[in-house]
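The numbers here are math on the coordinates, done by the rules we state, and not lab data. Only a predicted model underlies this, so the values are computations on that prediction, with no experimental measurement involved. Using ideal geometry, Cβ is built from the backbone for each residue, glycine included, and neighbour counts are taken over all protein chains shown.
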Amino acid sequence: MKVKKAVIPVAGLGTRMLPATKVVPKEMLPLIDKPGIQYIVEEAVASGIEDILMITSRGKWTIEDHFDYAPEIEEKLKAAGKEDELAMIRSLANIANITFVRQKELKGLGHAIWCARRFTGDEPFAVLLGDDVMCAEIPVLKQLIDASDKFGASAVGVQYVGNEDIGKYCSLDVENIENNLYLVKSLIEKPEPEQVMSNFAILGRYVLTSGIYDVLGNLPPGYGGEIQLTDGLNKLCAREKMLAVEFSGKRYDTGNIKGYLEATIQFGLMHPEAGEWLRDYLKSLKL
Ligand code: G1P
């Protein structure tokens, strides 16, 4: 399946990072010198995505500005002869075709994806969750797209999550096909300990067929009174083949303080100008 479109839901309020997220969208918090959302868009583009729809909500306009031209800054950089910075700032506005739709009521991830139906039409599409920033040699979304292409099926990105944390995610019943690929038999969102089917949970990446809309349209509210994408996937995998791809790479939940700090340190250590300095600085702390 050729996947050229991606949906990035960014409507959530970011209450786990208050007060930082009172006026700044959580996706715009910087991981060193780039906002988290930029890493996600770059992963999508590196995976072959050309068109991106962001599902936004009130107060998220700075995300739109980040992927637009910035005439005042550009003028300044031009006048100062800072050609590299100018090219870098300008390239953000052309990184992909990015459009925005507002989710007027926050009714859950399943409802956010439902808002993308006119954008994706009948085509298969990717979903990248705005909080889940990846650090991987092969872009995580590309790993999913390759598997989905090979088997002509939808695919979800999973990793092993310990018993103490699986209830914060979802749990999948799967059957191994080959190496890191599994057939999805059923899924449950935010399982209670006795409902856990395996320690595989979806971590922020999906490739879906338009069949998802047939199930989302009639889905009752699930966990937390919200329309859950996982509930839709549970219905979809009974109708069509769905893969779970145990992806290589590290995922950071940048929507909470610990995940945000881990990502900041990781990307800081990888930063071409600050990495070496940060390594020495952390060593000098002698914790
Ligand atoms: C969402 C999904 C859940 C998934 C998680 C991590 O949960 O509903 O299935 O495991 O993202 O990607 P949330 O973090 O919004 O509670």
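Given Cα pairs under 8 Å that are at least 6 residues apart, what percent is the relative contact order of the chain?
Answer for the chain is 23 percent.
How many nm separate the modelled label positions at Met1 and Lys258, each set 7 Å beyond the Cα in the direction of the Cβ? Spacing of the two 7 Å Cα→Cβ label points: 3.4 nm. Sorted on the mean count of surrounding Cβ atoms within 10 Å across their residues, most packed first, peptides 63-70, 225-232, 210-217 read 225-232, 210-217, 63-70.
Quick one: work out the % antiparallel among DSSP beta bridges in the chain, nearest 5.
Working: 26 of 44 bridges.
Of the beta bridges lying entirely in the chain, close to 60 percent run antiparallel.
What is the distance in Å between the Cα centres of the stretch 89-142 and the stretch 168-244? Spelled out, the Cα-based centre of one part sits 18 Å from the other.
Packing, as the average of other Cβ atoms within 10 Å across residues, places the peptides 125-136, 101-112 in the order 125-136, 101-112, highest first.
In order along the stretch 116-127, phi translates into HN-Hα couplings of 9, 4, 6, 6, 8, x, 8, 6, x, 8, 9, 10 Hz, rounded to whole numbers, per the Karplus curve 6.51 cos²θ - 1.76 cosθ + 1.60 with θ = phi - 60° and x for Gly and Pro. Where does helix 257-270 land angle-wise versus the long Cα axis of the chain, in degrees 0 to 90, nearest 10? Value to nearest ten degrees: 60. In a fully extended conformation the segment linking Lys107 and Glu83 would gain 4.2 nm over its present Cα-Cα distance, using 0.36 nm per residue.
Summing -39500 (n - 2.57) over the DSSP H runs of n ≥ 4 in the chain and dividing by its residue number, what mean residue ellipticity at 222 nm do you reach, to the nearest 500 deg cm²/dmol?
Working: 11 runs with 98 residues, N = 287.
Roughly -9500 deg cm²/dmol at 222 nm, from the helical runs in the chain.
Here the extension length gained between Val45 and Trp277 equals 80.5 nm, from 0.36 nm per residue of separation less the Cα-Cα distance. Checking every one of the trypsin sites (Lys or Arg not before Pro) in the stretch 1-56 against DSSP loop status and a limit of 11 other Cβ atoms within 10 Å picks out Lys2, Lys22. By the count of neighbouring beta-carbon atoms within 10 Å, fewest first, Asp84, Asp173 end up ordered Asp84, Asp173. Computing FRET efficiency as 1/(1 + (r/R0)^6) for Ser91 and Glu164, where r is the C-beta to C-beta distance and R0 is 25 Å, gives about 0.05.
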